[in-house]
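Below you'll find the structure, written out as structure tokens, and then a few comments.
The values are calculated or read from the model by the stated rules, or taken from the named source; none is laboratory data. The structure presented is a predicted model; accordingly, all values stated were derived computationally and were not measured. In this analysis, Cβ positions are derived from the backbone assuming ideal geometry, glycine residues included, and neighbour counts consider all displayed protein chains. All accessible areas refer to the heavy atoms of the entire protein, side chains included, with ligands and DNA or RNA removed. Shrake-Rupley method; radii C 1.70, N 1.55, O 1.52, S 1.80 Å.
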Amino acid sequence: MRHPPFLAGWIDREHQECSIGDLVLESGKTLLDCHLTWVEHGSRNAEGNNTVLACCAIGSSHHRLDFLIGEGKALDPSSLHIIVIDALGNGLSNSPSNSLLQSGTLFPAITIRDMVQSQYCLLQLLEITQLHCVIGASMGGMQALQWAVSYPDFVNSVVAMTPMARTSRWSQLVNELSRRALFIDKACIRARPLEDAKQLWPVLTQLITPLTPARIENFPSQDDLLGHITELENQFLESSPDPFDWLAQTRAYDAHDLGTIARFGGNTNAALASIAASTLVLAPPLDLYNPSECAQAAAAMIPNAQFIEIPSIYGHRSAAGDDKKATNFINHAIVDFLAKI
């Protein structure tokens, strides 16, 4: 298990790990000896109805929503039991980089539904039978909506930040470029040397797609911008993602569509309309990774959903704790939402 370098603002908690056995995937293939890692904040109450499941964004870990966890914040451990499960393919839970039986190219293709199914299996082992809320941002928000579709009787409420119900062609394009930055061949079998990959991958995934032109304009000069790019390149060399982990998660991201379940026959809107959980969807005015209109359109199709625009120029990163004003806004919005559940 390769934990990413610890960053300021992250909450240090005991990592837990458990095997859920062999997991039959949506493709029909099997993920052998599937193990998941997670952390917990707070405690379950006597009624067992205060558990919140927090889902990870693409390429992130169980620290992704730490900016929402703490006393007086949206996810307050004094009253809530928060469990944050690392998503399949993130290098902590079962992934191409750490699987003993299916490493690298042997790792079978996974989907976001497979991620959700694995989380469900773990919660069953932990004897958690009801979720007060499922929350996530980006791919985490997509998992949250999937939870409400796949396990409607299990989920009371959903908070989905910068989500999509069906992955847009734009997002697929961004993911394709990110894979080309990491791999020499289109089949994604041969990874590029780190010195080559650093030329594009950090700039694309840390600056161009997660932010906005208005946010980039805040760099005082071009030299400051170029200096920051150099910092990102150095960070990449020190703690680059495993290319095959990134491949597994981006391909899952690309294939996502809530409607591709037999009972919905490929109808994404029908899947959204089936969501019974109270739902809060948040997105900024402009998102260059998951287009904001996708979040708005999803919220419009969910019967008991509220859409709130995040006032931020940070784009996709507006729901990542980077923008202090946006973070404060999101915390208050979620607190108000959960108070009504």
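Data for the structure
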item	result
Shape call, region 237-341: gyration tensor on alpha carbons, a/c limit 1.5	oblate
Listed peptides 239-245, 92-98 by packing density, highest first (mean Cβ within 10 Å)	92-98, 239-245
Nonlocal amide H pairs with Ser157, under 5 Å, H built at 1.01 Å	Cys133, Val134
Alpha carbon centroid spacing (whole Å) that separates region 297-341 from region 74-151	21 Å
Karplus 3J(HN,Hα) series, Hz, for region 263-274 with 6.51 cos²θ - 1.76 cosθ + 1.60 (x for Gly, Pro)	6, 9, x, x, 8, 4, 5, 5, 5, 5, 5, 7
Rg over Rh [alpha-carbon atoms, Kirkwood Rh] for the chain	0.94
Loop GluC sites (Glu not before Pro), region 168-233 (other Cβ atoms within 10 Å of the site Cβ: 11 or fewer; DSSP)	Glu217
Whole-number accessible area per residue in Å² for region 240-300, which is evaluated in the context of all protein chains at 1.4 Å	33 Å²
21 Å Cα-Cα reach of Lys340 towards lysines, excluding residues that sit fewer than 8 places from it in its own chain	Lys73
Scattering curve values for region 68-160, log₁₀ I(q)/I(0), Debye with Cα scatterers, q = 0.18 Å⁻¹	-0.88
Segments 330-337, 107-114, 311-318 sorted - mean Cβ within 10 Å per residue, highest first	311-318, 107-114, 330-337
